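Enquirer: If you scroll down you'll find the structure; I have some questions about it.
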Amino acid sequence: MPRQRNPHEYAANIEAIKAAARAQMRVEGTAALSLRAIARALDVTAPALYSYFPNRDALITALVLDGFNALAAALEAADAAMPREDYRGRLAAVYRAYRDCALCNPIDFQLIYGNPIPGYEAPQELTVPAVVRGFRVIGAILVEAQLAGACTPAFGELPATIEHTLAALGAEQHVPAEPRALYGRFVGWTRLHGIVILELHGHLGPSVGSSEQFFEHELDRLLKDLGFP
């Protein structure tokens, strides 16, 4: 991999390095990611990788951004495929896309939502916008549904500290919603994300039989709790 490449070769080499990194993580786990091991897999010297990624953390950040942006793109596509006024259907489609994305891309999903990598600290100025992008999809549906009177969340009164925090978060993210809509966004994520993680690690099936049917049952319960008929 010479240092000077045309744009197409450079992009292809970037993807080759990422693919080798994912293959290594699949076998050894995310914490074992090593530029030297990737260089061996690509049959190049470790210094040859530095013109693409100056260090391991830069590569991890690129993979994390890929993971969050791919997830967000899947949620956006699922939402876009549904009729705009079918708020319940839109939200269900988005949550199903979340599960599908995790099951189809387990390495990327475990990288962004698994155990922290020792010594790595994500640059928030880069990663936070990618994280928020996915949450915005769910939040936007809930906000639109509430404004249209299509749902009435059954959460009751929220503790003052939670309501204050969510109101500040909504202002920071420029989301025109009352705290309960944002609360619904996090409730949905925590409940269904937990199911997905258990399924991803093989812990769910032995307890419930069909992981998919369990997910669908809990998705229906969540949508009712969120106030959708």
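The values are calculated or read from the model by the stated rules, or taken from the named source; none is laboratory data. In this text the structure is predicted, and so the values were computed from the model without any measurement. For neighbour counting, all protein chains shown are included, and Cβ atoms are generated from backbone atoms with ideal geometry for every residue, glycine included. Side chains included, ligands, DNA and RNA excluded: accessible areas come from the protein's heavy atoms. Shrake-Rupley method; radii C 1.70, N 1.55, O 1.52, S 1.80 Å.
Enquirer: Going residue by residue through region 201-215, is there one that turns out to be of a type outside the set (S, T, N, Q), modelled with pLDDT under 90, closer than 17 Å to GLU157 by Cα and not in a helix (DSSP H, G or I)?
Expert: no
Enquirer: Could you figure out which of (1) under 21 Å from PHE228 (Cα atoms); (2) open to solvent by less than 40 Å² (accessible area, probe 1.4 Å) isn't true of PRO83?
Expert: (2)
Enquirer: Restricting attention to region 195-211, report how many residues are under 22 Å from the mean Cα position of the chain (by Cα) and exposed (fewer than 15 other Cβ atoms within 10 Å of the Cβ). Quick ask: steps written out before the conclusion?
Expert: Let us first name the residues in region 195-211 that are under 22 Å from the mean Cα position of the chain (by Cα), namely 195-204, 211.
Add one more test, that the residue is exposed (fewer than 15 other Cβ atoms within 10 Å of the Cβ), and what stays is 201-203.
So the answer is 3.
Enquirer: What are the residues in region 94-118 that are under 16 Å from LEU59 (Cα atoms), touching a residue at least 40 places away in the same chain (Cβ under 8 Å) and not in a helix (DSSP H, G or I), if any?
Expert: ILE117, PRO118
Enquirer: Restricting attention to region 42-58, does a residue exist that is closer than 16 Å to LEU111 by Cα, touching a residue at least 12 places away in the same chain (Cβ under 8 Å) and assigned to a loop (DSSP other than H, G, I, E, B)? Don't jump to the end; show me each part of the working.
Expert: At the first step, the residues of region 42-58 found to be closer than 16 Å to LEU111 by Cα are 56-58.
If we keep only those that are touching a residue at least 12 places away in the same chain (Cβ under 8 Å) as well, we get 56-57.
Filter again for assigned to a loop (DSSP other than H, G, I, E, B), leaving none.
No, the conditions are met nowhere in region 42-58.
Enquirer: A follow-up question, please. Keeping to region 68-126, report how many residues are modelled with pLDDT of 95 or more and in contact with an Asp or Glu (Cβ under 6 Å, 6 or more places away or on another chain).
Expert: Summing the residues that are modelled with pLDDT of 95 or more and in contact with an Asp or Glu (Cβ under 6 Å, 6 or more places away or on another chain) in region 68-126 gives 2.
Enquirer: Let me ask you something else. What number of residues in region 58-80 are open to solvent by less than 20 Å² (accessible area, probe 1.4 Å) and of a type in the set (S, T, N, Q)?
Expert: Final tally of qualifying residues: 1.
Enquirer: Could you tell me whether any residue of region 109-125 is farther than 30 Å from ALA148 by Cα, of a type in the set (D, E, K, R) and open to solvent by 30 Å² or more (accessible area, probe 1.4 Å)? Lay out the reasoning, then the answer.
Expert: Restricting attention to region 109-125, the residues satisfying the condition of being farther than 30 Å from ALA148 by Cα are 109-125.
Checking which are of a type in the set (D, E, K, R) leaves us with 121, 125.
Of the ones still in play, those that are also open to solvent by 30 Å² or more (accessible area, probe 1.4 Å) are 121, 125.
Yes: one or more hits.
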